[in-house]
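Written out below as structure tokens is the structure these notes cover.
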Amino acid sequence: MDDFLYLDGILYAEDVALPEIAQAVGTPFYVYSSATFVRHLKQFEDALAGMPHLVCYAMKANSNLAVVKLLGDLGAGMDVVSGGEYLRAKAAGVPGERIVFSGVGKTREEMRLVISGGIRQINVESEPELRLLHQVAVSMDISVPVTVRVNPDVDAKTHEKIATGKSENKFGIPISRAREVYRLAADLPGVEVVGIDVHIGSQLTDLEPYRLAYQKVRELTNELRMDGHDIRRLDLGGGLGIPYERSNVRPPQPGDFGAVIRETVGDLGCEIEIEPGRFIAGNAGLLVSRVIFRKQGDGRTFLILDAAMNDLIRPAMYDACHEIVPVVEPAPGVDRIPVDIVGPVCESGDTFARQRTMPPLADGDLVAFRSAGAYGAVMASEYNSRPLIPEILVNGHQFAVIRPRPTFDEMLNRDRLPVWMGS
Ligand SMILES: *Cc1c(COP(=O)(O)O)cnc(C)c1O
């Protein structure tokens, strides 16, 4: 099911026609569907039904305050990877007892911040982190619930930049050394071991790596329990992938993912946490852009858009492929031709698609990038002094600007001239 459908030849976000939003806020912009976020969260809730669980939305996928509040108000927990994300979660009204803190490089200041504000658990990724956390907690006269993130050394079979569960990745503690680290943790009164954490990567389209990783977590749970640790919570990470291109292959759904969890660790009597980001947010958003020029090169046609790599970095960074569709539905049977779809930034890497077969598009036409709700706006920059583009949330017939486009004055006013340059 999709909340971005053509109606009378025009692409809609729920019940709002995209040209209406373009008229109101200008292009380019991100637009999100509330209904899609909600439906995806519910799919994970249903997938874990019957097991004590908490779905912790991985905020880094899309951390707009309105998005976090939408999910948080429905009871979702949050997986945060920085003090900034923690503050966003709190600002959206999510209580500390539903927030987990992940990441390889938590600072002392971030530890203090989340301990004083309240935290469900900290997922510790190294021994130095464990020792520092203990120190900070003791100085605050508290014992912090922790899991240790283990690196199970399984191949997630995803893009190298988003694989995190192989021994060569910087994440977690090698599972072979886990017992030793738990022994250390048990001796540190500033931390209270509550469980195990694992996250093997992002955009996984095969469930086997999960199965392998969770089987290892199962064995480790039994070993740690024999060692006397109270393992009562398993944080099984996120990473479930989404289809970026239309295909006939049915990708794994939350229900299938839930079945793997049930089969591998379902009988251990542990509370289950999962941290989906992309699956919840990815297909809940579009990037809408306008064709500035259609340019005829030497044997190639270029569509130059007003969106660029600074707005959506995924194609440049991960060789990602986004489906790009015209906002006005092409007539059936029109001639389609291969075009290169590019942005205005002065880098050849600013290319969204090469030799993509597209229906005819002319200067001024609107196009929409599908699956742009995750790792889109959050990864944007102002490279080339291009303002961050606005984010719009649709809810049925309503839409709201949930982050406005800054003015050039606002951008300039963030810079300061040193006194020695005069005024
Ligand atoms: C990025 C991340 C996630 C979410 O990954 P998705 O692919 O967006 O589901 C979950 N947990 C941790 C620790 C992460 O770093």
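The values are calculated or read from the model by the stated rules, or taken from the named source; none is laboratory data. Predicted model, so just to flag it, every value in this text is computed and none were measured. Neighbour counts run over all protein chains shown; Cβ positions are idealised from the backbone, glycine included. What goes into the accessible areas is simple: the full protein's heavy atoms, side chains included, and nothing from ligands, DNA or RNA. Shrake-Rupley method; radii C 1.70, N 1.55, O 1.52, S 1.80 Å.
Here residue 320 fulfils each of the conditions (1) within 16 Å of the ligand (Cβ to nearest atom); (2) in a loop (DSSP other than H, G, I, E, B); (3) open to solvent by 40 Å² or more (accessible area, probe 1.4 Å) apart from (3).
Looking at the range 137-164 only, could you name the residues that are in a strand (DSSP E or B) and within 15 Å of the ligand (Cβ to nearest atom)?
Of the residues in the range 137-164, the ones in a strand (DSSP E or B) are 144-151, 163.
Within the range 137-164, 146, 147, 148, 149, 150, 151, 163 qualify.
Take residue 52 and decide whether it is away from the ligand (no atom under 16 Å from the Cβ) and either aromatic (Phe, Trp, Tyr) or surrounded by fewer than 16 Cβ atoms within 10 Å (Cβ to Cβ) (or both). Taking the combined requirement at face value, the residue satisfies it. Counting only strands (runs of 3 or more DSSP E) that sit completely within the range 1-93, those holding 1 or more residues that are small (Gly, Ala, Ser) and within 18 Å of residue 237 (Cβ to Cβ) correspond to 53-58, 77-80. Put simply, of 144, 81, 100, 136 the only residue that is among the aliphatic types (A, V, I, L, M), free of Cβ contacts under 8 Å to residues at least 24 places away in the same chain and not assigned by TED's automatic domain parsing to the domain that holds residue 376 is 81.
Could you list all residues from the range 256-279 that are within 8 Å of the ligand (Cβ to nearest atom) and part of a helix (DSSP H, G or I)?
Residues of the range 256-279 within 8 Å of the ligand (Cβ to nearest atom): 275-279.
278, 279 - these are the residues of the range 256-279 that are within 8 Å of the ligand (Cβ to nearest atom) and part of a helix (DSSP H, G or I).
Condition check: closer than 28 Å to residue 35 by Cβ, open to solvent by 50 Å² or more (accessible area, probe 1.4 Å), at pLDDT 95 or above and outside the structural domain of residue 97 (by TED's automatic domain parsing). Does residue 294 satisfy that? It is false that residue 294 is closer than 28 Å to residue 35 by Cβ, open to solvent by 50 Å² or more (accessible area, probe 1.4 Å), at pLDDT 95 or above and outside the structural domain of residue 97 (by TED's automatic domain parsing). From the list 350, 409, 365, the one residue that fits, being over 27 Å from the mean Cα position of the chain (by Cα), outside the structural domain of residue 85 (by TED's automatic domain parsing) and in contact (Cβ under 8 Å) with a residue 12 or more places away in the chain, is 365.
When residue 313 is tested against the conditions (1) assigned by TED's automatic domain parsing to the domain that holds residue 75; (2) closer than 30 Å to residue 197 by Cβ, the lone failure is (1).
Being within 16 Å of the ligand (Cβ to nearest atom) and at pLDDT 95 or above narrows it down to one residue among 201, 239; which is it? It would help to see each step written out before you state the result.
On the way: 201 fails: at pLDDT 95 or above.
After ruling out the rest, the residue left standing is 239.
Residue count for the range 165-190 under the criterion of being within 15 Å of the ligand (Cβ to nearest atom), open to solvent by less than 20 Å² (accessible area, probe 1.4 Å) and out of contact with any Gly (no Cβ under 7 Å at 6 or more places or on another chain): the result is 2. Scanning the range 375-403 for residues that are surrounded by 14 or more Cβ atoms within 10 Å (Cβ to Cβ) and assigned to a loop (DSSP other than H, G, I, E, B) yields 375, 376, 380, 386, 387, 388, 389, 390.
Within the option set 288, 260, being under 30 Å from residue 390 (Cα atoms) and either of a type in the set (Phe, Trp, Tyr) or open to solvent by less than 70 Å² (accessible area, probe 1.4 Å) (or both) holds for one residue only, 288.
Restrict the check to the range 300-307 and report whether at least one residue is open to solvent by 60 Å² or more (accessible area, probe 1.4 Å) and part of a strand (DSSP E or B). Talk me through it step by step, then tell me what you get.
Narrowing the range 300-307 to residues open to solvent by 60 Å² or more (accessible area, probe 1.4 Å): 300.
So of that shortlist, the ones also part of a strand (DSSP E or B) come out as none.
No: zero hits.
Going by what's in this entry, would residue 160 be described as of a type outside the set (A, V, I, L, M, F, W, C), within 19 Å of the chain's Cα centre (by Cα) and surrounded by fewer than 19 Cβ atoms within 10 Å (Cβ to Cβ)? Yes, satisfied.
Is it the case that some residue within the range 101-109 is aliphatic (A, V, I, L, M) and more than 14 Å from the ligand (Cβ to nearest atom)? No, the range 101-109 contains no residue that is aliphatic (A, V, I, L, M) and more than 14 Å from the ligand (Cβ to nearest atom).
Could you tell me whether residue 244 is open to solvent by less than 70 Å² (accessible area, probe 1.4 Å), closer than 25 Å to residue 370 by Cβ and of a type in the set (Phe, Trp, Tyr)? Don't jump to the end; show me each part of the working.
Values: open to solvent by less than 70 Å² (accessible area, probe 1.4 Å): yes; closer than 25 Å to residue 370 by Cβ: yes; of a type in the set (Phe, Trp, Tyr): yes.
Considered against the rule, which asks whether it is open to solvent by less than 70 Å² (accessible area, probe 1.4 Å), closer than 25 Å to residue 370 by Cβ and of a type in the set (Phe, Trp, Tyr), residue 244 comes out as yes.
The number of residues in the range 73-118 being more than 20 Å from residue 140 (Cβ to Cβ), open to solvent by 20 Å² or more (accessible area, probe 1.4 Å) and touching a Phe, Trp or Tyr at 6+ places or on another chain (Cβ under 7 Å) comes to 1.
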